[in-house]
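Participant: Pasting a structure below so you can have a look.
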Amino acid sequence: MQITLKNFTKSFDGNVVIDRMNLEIRDGEMLALLGPSGCGKSTTLLAISGIHRVNGGQILFGDRDVSNLPSQKRNVGVVFQNYALYPHMNAYENIAFPLQVRGQSKTEIEKAVGQIAALTHIEPYMSRRPGQLSGGQQQRVALARALVRRPDVLLLDEPLANLDAKLRLEMRSEIRRIQQETGITAILVTHDQVEAMSMSDRIAIMDQGEIMQISTPDDMYRNPVNRFIAGFMGNPPIVMVDGRVEGTAFETTSGFRLPLPGRLGGLKHGRPISIGIRPEHFGSTGAHTVAGTISFVEPQGRESHFDVRVGEGVVLRSIQPSRRDVAVGQPVEWPIDIESTLVFDEQGKTL
Amino acid sequence: MRSRTSGLGLLLISPAMLLLAIFFFTPALLTGVFSFTNMSSSTGISGGAYVVTPNLLKALSARGMQPATIEALEEASYSVDADGLAAARAADVDPAFLDEIEARYAGRAYATDSDFLAALKDLPSRPRRIRDLKLAMEPFTKSVLNVRFATEELARTAIAERVAGISDDEMATLLSESYTGWVWTTENFGKLFAGHETWRIIANTIFYVATTLTLFNVTLGLFLAVTTFYLPKKLGAIFTVIWLLPRITPVVLYAIMWKWFTWDDGFVAVLAGELGLPSFNYMKGSVTSAWTIVIMVNGFIGASFGMILFSGALRSIPIQQLWASEVDGATRWQQVRYIILPQLRWPILFVTSYQTLSLLTSYQEIWLTTNGGPGSTTTVWALESFRTALFNYSGSLQYGLGAAMALLLVAVGLMLSIIYLRLFRFGELVTQPKIEF
Ligand SMILES: Nc1ncnc2c1ncn2[C@@H]1O[C@H](COP(=O)(O)OP(=O)(O)OP(=O)(O)O)[C@@H](O)[C@H]1O
Ligand SMILES: [Mg+2]
């Protein structure tokens, strides 16, 4: 089921939170809605599920305008940010609730709940109340409840926020698997970029009620439209250096120089720009080399992170396969992949 | 560690225990004590004295006390002693005559009227008229009749003196029957269940409590809470205040308003007349209308209590749960039925038990409106015990009997509380404390 938001506008008591947002989620796609806290992710989700009414614009499911349909008629499954499990019902009853209110028979319900419980690995806890479940177990019960009646659309509001690292990894692929198996159209709200990149077909980045960029994870990583997104994607994050155009090169006030990528010819001399270098583009390959001293080493097992001081107030970061031949304080001269660096103008737009 | 934590627990509940002791245990205990006495406005509540009255003797004679004993007690006797002389002087008997009496008869005693009269007639300065002579005799009287003996011992001695060979049985009967103070007794309870009115009052009470509670305190309260919950905020607030009026109006004023409302030519009667219905005093005119009014008068007060409590509980349900239920496909009704009501179980239990007890014990609204009428058709247990013990037209207040009625009420209340707690599986509701010590 394709979902289309056309000029979707939402305000609370005259306070506009989302202003004419346009977004299209393709049929069977998992879209990650990524953005900082308070940017309107939950609001968008609640509007799609029918809990919030739109103040302007349209929401389409396929060709059907559902803008004024109550949530009961939209057939969406939602996992809420705080699960919203019913505290007086045990896990089984929670999951069975959507089927029960539809008046399905006991045997049908039992079968459906059994299947979904197996899928989400919660069979052992079926007779426990939410208060007797751990955060991760509650989360899975909430997921099961959202999935059990095979909704057209699955909306997940930070479904993995409360899980430990291992369970989070497990649930990530689990949710992705369930979504792909059922072919359900899903929106995943998160502010964890790793989660967004690993789980979704496309990512939409939101800030202050606006979609800044919507793209596949790879493309967004390589071609962020602005500095904000470039900084948001990637861990360890990109390193930004501020300076000016000096002919065909970039130079900081302290005199650190780098050639500009070949694609950027003819930038005005003296124009303030900043250059973004991802850690993987420094220290392995490239025609240009820079010299500096190692100021920090962080071994990560398979790989190591290095901070290299290359000039007055300029520290570049490098990520390389573990190596023991360098230590803090040691001078190094490492290559930099100039063509892969990102350049932003004064407003932060990518050049 | 263990003992410290339990010490803290005790400290924390001690104010509650103190209040409970002052406001519940003590009154309940006193009620219990009073209910095993025959205290009334004629016995008083402090101790009494021993008085043998002619009426008492008549009653005892009817109950088969030996005629000889009765006669002996009724008989007066005379003795010439210092007390008698002093009394006679105080009563203005001729001093010369008294001097003669003292000189001739000091220390003597006479068993009957006629003996003493004959003796006095021998004296030279006796009064001429037989009436004056009798008056002069009176201060020397030694009788137990109508004499107040402060202690049992004094009464026993005096009676034994009058009736020489009195049997122990008769002495015991006399002493207990002549006592004017209150005594311990279990008769109150027997008396209660012998009265034919009792069962009808019990039936009235059950009907009154059950109907008011289910129709108004719980159902209407819930209905109001749920409707105001779904109403826009402002409208809901106005609605709430309107339904609060019966509770915040002073009860006397509230009752008077109902009286006006249902008066012979009040609003209801006029309206009924306009509609072609029988027009009469709806508060007192018929049993059905009297009950309807009584239940409404109390119900409107109780409904607001339920409404407030349920509203608070409703608002504490996280809104996401309601959202979730809507997304899950639940209709408004299913949302109320499966999500809201089950989470109101505890407030419903509270309102039910609290209001059962308060309805069982409240009589003021009934007292001020129908006053239990017509006849005793709307008289409930609390009203009857109030009247028995504290407010009676004939002026004889039976504290003991009233207390016995109140005690039964307390017992019933406790029993009901226990049943309610079991019914609502109280244990599940309060399981573990939120904070572990
Ligand atoms: N019911 C409401 N009334 C008024 N303002 C609201 C309401 N709900 C949300 N907002 C405001 O709308 C903005 C967006 O909120 P929203 O819950 O969508 O943020 P979010 O992106 O989900 O953030 P988070 O990642 O912290 O969950 C916030 O500024 C919030 O204060
Ligand atoms: Mg949110």
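Participant: Go through region B:379-390 and give me each residue that's among the polar types (S, T, N, Q) and modelled with pLDDT of 85 or more.
Facilitator: B:379
Participant: If you scan region B:43-98, which residues turn out to be farther than 23 Å from residue B:184 by Cα and of a type in the set (Val, Ile, Thr)?
Facilitator: B:69, B:70, B:80, B:93
Participant: So which residues in region B:277-291 are in a helix (DSSP H, G or I) and surrounded by 20 or more Cβ atoms within 10 Å (Cβ to Cβ)?
Facilitator: Matches in region B:277-291: B:289, B:290.
Participant: Within region B:216-228, identify whether any single residue is surrounded by fewer than 18 Cβ atoms within 10 Å (Cβ to Cβ) and in contact (Cβ under 8 Å) with a residue 24 or more places away in the chain, and answer yes or no.
Facilitator: So far as region B:216-228 goes, no, none of its residues is surrounded by fewer than 18 Cβ atoms within 10 Å (Cβ to Cβ) and in contact (Cβ under 8 Å) with a residue 24 or more places away in the chain.
Participant: Take the residues of region B:309-340 that are in contact (Cβ under 8 Å) with a residue 60 or more places away in the chain and surrounded by fewer than 17 Cβ atoms within 10 Å (Cβ to Cβ): which is nearest to the other protein chains (Cβ to nearest Cβ)?
Facilitator: Residue satisfying both the conditions and the ranking: B:332.
Participant: Please give the number of the condition residue A:55 fails out of (1) farther than 15 Å from residue A:188 by Cβ; (2) away from ligand 1 (no atom under 13 Å from the Cβ).
Facilitator: (2)
Participant: Give the residues of region B:52-92 that are buried (at least 18 other Cβ atoms within 10 Å of the Cβ) and either out of contact with any helix residue (DSSP H, G or I) (no Cβ under 7 Å at 6 or more places or on another chain) or in a loop (DSSP other than H, G, I, E, B) (or both), sorted by residue number.
Facilitator: Selection gives B:65, B:76, B:77, B:80.
Participant: Mind listing just one residue for me: the one in region A:152-170 that is within 14 Å of chain B (Cβ to nearest Cβ) and away from ligand 1 (no atom under 16 Å from the Cβ) and, of those, farthest from residue A:195 (Cα to Cα)?
Facilitator: Result: A:152.
Participant: Look at residue A:195 and say whether it is more than 14 Å from chain B (Cβ to nearest Cβ), in a helix (DSSP H, G or I) and within 16 Å of ligand 2 (Cβ to nearest atom).
Facilitator: Yes: the conditions hold for residue A:195.
Participant: Related question: Among B:164, B:155, B:150, which is among the small types (Gly, Ala, Ser), modelled with pLDDT under 80 and buried (at least 17 other Cβ atoms within 10 Å of the Cβ)?
Facilitator: When all the criteria are applied, what remains is B:155.
Participant: Checking residue A:128 against (1) of a type outside the set (A, V, I, L, M); (2) more than 16 Å from ligand 2 (Cβ to nearest atom); (3) assigned to a helix (DSSP H, G or I): exactly one of these is not met. Which one?
Facilitator: (3)
Participant: Has region A:103-124 got any residue that is assigned by TED's automatic domain parsing to the domain that holds residue A:162, touching a residue at least 40 places away in the same chain (Cβ under 8 Å) and within 30 Å of residue A:10 (Cα to Cα)?
Facilitator: Among the residues of region A:103-124, not one is assigned by TED's automatic domain parsing to the domain that holds residue A:162, touching a residue at least 40 places away in the same chain (Cβ under 8 Å) and within 30 Å of residue A:10 (Cα to Cα), which makes the answer no.
Participant: Further, regarding this structure: If you scan region A:62-82, which residues turn out to be in contact (Cβ under 8 Å) with a residue 60 or more places away in the chain and either under 21 Å from residue A:101 (Cβ atoms) or within 14 Å of another protein chain (Cβ to nearest Cβ) (or both)?
Facilitator: Selection gives A:74, A:75, A:76, A:77, A:78, A:79, A:80, A:81.
Participant: Right, something else. Would you point out which residue out of A:149, A:129, A:177, A:145 is within 14 Å of chain B (Cβ to nearest Cβ), over 14 Å from the mean Cα position of the chain (by Cα), surrounded by fewer than 18 Cβ atoms within 10 Å (Cβ to Cβ) and more than 16 Å from ligand 1 (Cβ to nearest atom)?
Facilitator: None of the other options fit; the residue is A:129.
Participant: Any idea how many residues of region A:6-43 are polar (S, T, N, Q) and in contact with a Gly (Cβ under 9 Å, 6 or more places away or on another chain)?
Facilitator: 5
Participant: Kindly indicate whether any position in region B:178-191 is surrounded by 15 or more Cβ atoms within 10 Å (Cβ to Cβ) and free of Cβ contacts under 8 Å to residues at least 12 places away in the same chain.
Facilitator: no
Conditions (1) in contact (Cβ under 8 Å) with a residue 24 or more places away in the chain; (2) more than 16 Å from ligand 2 (Cβ to nearest atom); (3) aromatic (Phe, Trp, Tyr); (4) over 14 Å from residue A:277 (Cβ atoms), marked per residue:
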| position | (1), (2), (3), (4) |
| --- | --- |
| A:208 | yes, no, no, yes |
| A:228 | yes, yes, yes, yes |
| A:239 | yes, yes, no, no |
| A:242 | yes, yes, no, no |
| A:245 | yes, yes, no, yes |
| A:249 | no, yes, no, yes |
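Participant: Looking at region B:116-152, which of the residues that are within 29 Å of residue B:50 (Cα to Cα) and either among the charged types (D, E, K, R) or in a strand (DSSP E or B) (or both) is farthest from the chain's Cα centre (by Cα)?
Facilitator: It comes out as B:134.
Participant: State all residues of region B:34-58 that are farther than 23 Å from residue B:151 by Cβ and without any contact (Cβ under 8 Å) to a residue 40 or more places away in the chain; if no residue qualifies, say none.
Facilitator: Residue satisfying the conditions is B:58 alone.
Participant: Please specify each residue of region B:144-200 satisfying the condition of being outside the structural domain of residue B:400 (by TED's automatic domain parsing) and of a type in the set (Ser, Thr, Tyr).
Facilitator: B:151, B:157, B:167, B:173, B:176, B:178, B:179, B:180, B:185, B:186
Participant: Given B:34, B:25, which one is modelled with pLDDT of 80 or more, under 46 Å from the mean Cα position of the chain (by Cα) and under 23 Å from residue B:181 (Cβ atoms)?
Facilitator: B:34
Participant: Can you pull out every residue in region A:133-192 that is part of a loop (DSSP other than H, G, I, E, B), within 16 Å of ligand 2 (Cβ to nearest atom) and of a type outside the set (Gly, Ala, Ser)?
Facilitator: The answer is A:158, A:159, A:160, A:162, A:191, A:192.
Participant: Given the conditions (1) within 19 Å of residue A:158 (Cα to Cα); (2) among the hydrophobic types (A, V, I, L, M, F, W, C); (3) away from ligand 2 (no atom under 16 Å from the Cβ), which single one is not true for residue A:97?
Facilitator: Condition not satisfied by residue A:97: (1).
Participant: Out of all the residues in region A:2-48, which are more than 13 Å from ligand 1 (Cβ to nearest atom) and either at positive phi or within 14 Å of chain B (Cβ to nearest Cβ) (or both)?
Facilitator: A:7, A:20, A:28
Participant: Hey, another quick one. Between a first residue in region A:7-27 that is over 13 Å from residue A:211 (Cα atoms) and a second residue that is at pLDDT below 90 and more than 8 Å from ligand 1 (Cβ to nearest atom), which pairs have beta carbons less than 7 Å apart while being 6 or more apart in sequence or on different chains?
Facilitator: Final answer for the pair search is A:27/A:1.
Participant: Name the one entry in A:145, A:172, A:202, A:168 that is within 23 Å of residue A:98 (Cβ to Cβ) and among the basic types (Lys, Arg).
Facilitator: A:145
The values are calculated or read from the model by the stated rules, or taken from the named source; none is laboratory data. Predicted model only: the values in this text are computed from it and were never measured. Methodologically, a virtual Cβ is constructed for each residue, glycine included, from the backbone with ideal geometry; neighbour enumeration extends over all protein chains shown.
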